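Quick notes on the structure that follows.
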Amino acid sequence: MSDVSTEAARRRTFAIISHPDAGKTTLTEKLLLFGGAIQMAGSVKGRKAARHATSDWMALEKERGISVTSSVMQFPYEGRIVNLLDTPGHADFGEDTYRVLTAVDSALMVIDVAKGVEERTIKLMEVCRLRDTPIMTFINKLDREGKNPIDLLDEVESVLGIQCAPITWPIGMGQRLKGVVHLVSGEVHLYEQGRNFTRQDSTIFASVDDPALEARIGADMLRELREELELVEGASHPFDPAKYLAGEQTPVFFGSAVNNFGVQLLLDFFVEHAPAPKPRETTGREVGAYEPKLTGFVFKIQANMDPQHRDRVAFMRICSGKFSAGMKAFHVRSGKEVKLANALTFMASDREIAESAWPGDVIGIHNHGTISIGDSFSEGEAITFTGIPNFAPELFRRARLRDPLKLKQLQKGLAQLSEEGATQFFRPLMSNDLILGAVGTLQFDVVAYRLKDEYGVDASFEPVGVATARWIRCDDAKKLEQFRDKNALNLAIDAAGELVYLAPTRVNLQLAQERAPDVAFLATREHA
Ligand code: GDP
């Protein structure tokens with residue numbers, strides 16, 4: 001019989017972070033393979049191609065070689081249920097990534113053995129550090145020549161500021177790659193080209209002292225390995241579960257994702273040591289994962305997942321309790337009971353109707369714009385999960401429509417796409433402009449592309465005289481009204497109906513703030 005504590009205890013919810021091209025997609029595919037979530041041992045290309053078939057606008061992703069959307073994949077492994085939340089790799093989607101990282105309990109960092117720690121890795125690591133997210137590390141592409149493993153660990157330690165505890169150790173690299181040693185169990189797993197491709201199917205020796213090993217890897221290599229292992233033992237830190245869970249130490253694995261080598265060792269260790277759902281902060285109190293009543297928060301919205309149905313899906317991370325299909329939940333922001341009908345789970349590529357879901361799981365809730373990023377759900381208690389911010393955009397453009405008859409469509413498209421959180425849509429009080437704000441320029445291309453593809457609207461984006469935006473808060477209704485009258489030219493309404501000050505320059509913003517000391521100008525609208 002299932003109950004909340006047993007189900008929560010076997011959940012492992014994580015995200016993979018990496019610099020683009022390090023192998024995140026490939027590793028994801030191999031992990032899914034172990035989970036039996038995909039039957040076919042397709043290549044990365046196969047998976048990427050299949051994704052294009054289901055949603056055309058991702059052709060853009062292909063053009064740019066980036067991952068525009070995040071997705072959620074669930075698979076069972078060794079009695080655990082693993083939830084893998086994908087994160088977009090491109091820097092212009094940093095906010096999306098940030099919010100995904102608020103919804104996981106741990107992360108897996110992929111590093112290219114030849115490139116070492118790269119710029120995106122550093123940024124993502126900073127985000128993980130904000131919440132002390134436990135991190136495991138996979139050093140990928142061992143089938144190629146790369147940096148010396150000891151130097152790599154040094155690099156991770158000094159650049160990322162986290163202690164490394166190697167769990168597997170490579171035997172050779174590139175052409176000379178022979179396998180890995182498991183430093184905890186002592187086992188040696190041989191790399192045999194071609195054999196490790198679809199299933200982990202390697203020859204295993206119980207230890208480096210196994211007399212048969214020398215015949216396989218050669219006397220020179222074995223001697224080299226022994227020396228290196230001695231060095232590693234002396235120089236590196238042993239795995240310390242408490243330090244790992246505190247985000248202070250990262251267990252490190254070596255392998256080759258594309259050859260599916262070293263991946264199972266990582267996954268086995270991951271399901272054993274990665275944290276189950278942890279308690280989460282709300283405005284009122286901490287909510288424990290094992291509490292019987294359902295709570296959760298929305299960390300991502302995706303419009304038009306299925307172009308056929310124009311649906312918007314809100315991705316909710318369950319924090320406690322049990323979700324059952326068709327149940328009602330309390331939507332804290334609106335104060336209304338909402339029926340969670342047709343909720344989705346995300347078993348690999350297929351979306352399925354969820355019968356039940358538990359802490360750590362993610363469900364997708366269909367809605368027509370009533371649910372926003374950061375919204376909390378409960379079984380009646382007025383609690384709001386904290387820490388899911390909405391960043392102030394730094395770039396602004398005015399939408400220009402080629403066919404004026406499509407104005408309604410354009411407004412609808414801009415508003416709906418903004419719900420996803422990557423862009424923000426503003427309508428000035430005093431003009432008919434439609435202004436879009438974003439954190440990266442790529443967002444404008446994506447929106448223009450999607451407007452055409454999903455809404456049949458041909459629009460472009462041109463410069464507009466806005467330097468920055470601030471959300472306006474004021475408890476005194478009268479003062480707010482005065483402020484509104486005086487500053488009407490610079491005020492706008494965002495997609496959620498909130499008042500926003502669009503400053504043409506930083507100096508203007510400063511003056512406006514000085515003139516209205518009772519009004520708060522907020523740089524982030526923490527979704528509440
Ligand atoms: P992502 O951008 O991080 O998702 O990276 P991908 O998974 O798309 O991989 C980027 C490239 O690296 C692709 O061409 C992969 O085939 C290749 N790749 C991934 N893993 C390995 C590996 O273990 N060895 C080698 N040689 N190439 C790999």
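Just so it is clear, none of the values below were taken in a lab; they were calculated from the coordinates. All values derive from a computational prediction rather than experimental measurement. Cβ sites come from the backbone with ideal geometry, for glycine too, and all protein chains shown count toward neighbours.
Of note:
- MRE, 222 nm, helices only [DSSP H, n ≥ 4, -39500 (n - 2.57), over the chain, to nearest 500]: -8000 deg cm²/dmol
- Neighbour-count ranking [beta-carbon atoms within 10 angstrom, fewest first] of Tyr501, Tyr449: Tyr449, Tyr501
- Burial ordering of His237, His368, fewest other beta-carbon atoms within 10 Å first: His368, His237
- Seen against the Cα atoms of the chain and their longest principal axis, helix 506-515 is set at about 60 degrees.
- Debye log10 I(q)/I(0) for region 199-307, one point scatterer per Cα, at q = 0.10, 0.19, 0.24 Å⁻¹: -0.58, -1.24, -1.34
- Exposure proxy shown here: for Thr283, Thr468, the number of other Cβ atoms within 10 Å sets the order, fewest to most, as Thr283, Thr468.
- In region 220-278, the convex hull through the Cα atoms has an average projected area of 5.6 nm², a quarter of its surface area.
- Modelled FRET efficiency - R0 35 Å, Glu126 with Thr505, Cβ distances, 0.05 increments: 0.75
- Between Met430 and Lys452, the contour length at 0.36 nm per residue exceeds the alpha carbon distance by 5.2 nm.
- Taking every DSSP bridge with both residues inside the chain, close to 75 percent are antiparallel.
- Simple spin-label estimate for Asp476 and Lys339 gives 4.7 nm between the two label positions (7 Å along the Cα-to-Cβ direction from each Cα).
- Computed FRET value (nearest 0.05) for Glu118 with Thr441, which takes r as the C-beta separation and R₀ as 30 Å: 0.90
- Relative intensity, log₁₀ I(q)/I(0), of the chain from a Debye sum that treats every alpha carbon as a point, q = 0.07, 0.13 Å⁻¹: -0.43, -1.28
- Dipole of the chain [Lys/Arg +1, Asp/Glu -1 at C-beta], most positive-end residue of Val271, Ile373, Gly321: Ile373
- Charges were assigned to the Cβ only: +1 to each Lys and Arg, -1 to each Asp and Glu. The resulting dipole of the chain about its Cα centre is roughly 1920 debye.
- Spacing of the two label points (7 Å from each Cα toward its C-beta) at Asp268 and Asp3, in nm: 3.3 nm
- Per-residue extension of 0.36 nm, minus the Cα-Cα distance of Asp220 and Gln513, leaves a gain of 98.3 nm for this segment.
- Charge dipole (the chain, unit charges on Cβ, about Cα centre) - positive-most of Ile204, Ser334, Ile111: Ser334
- Only Lys, Arg, Asp and Glu carry charge here, each on its Cβ (+1 for the first two, -1 for the last two); on that basis region 366-452 has a dipole of about 740 debye about its Cα centre.
- Distance between the modelled labels on Ser460 and Glu233, one decimal in nanometres: 6.8 nm (7 Å Cα→Cβ projection).
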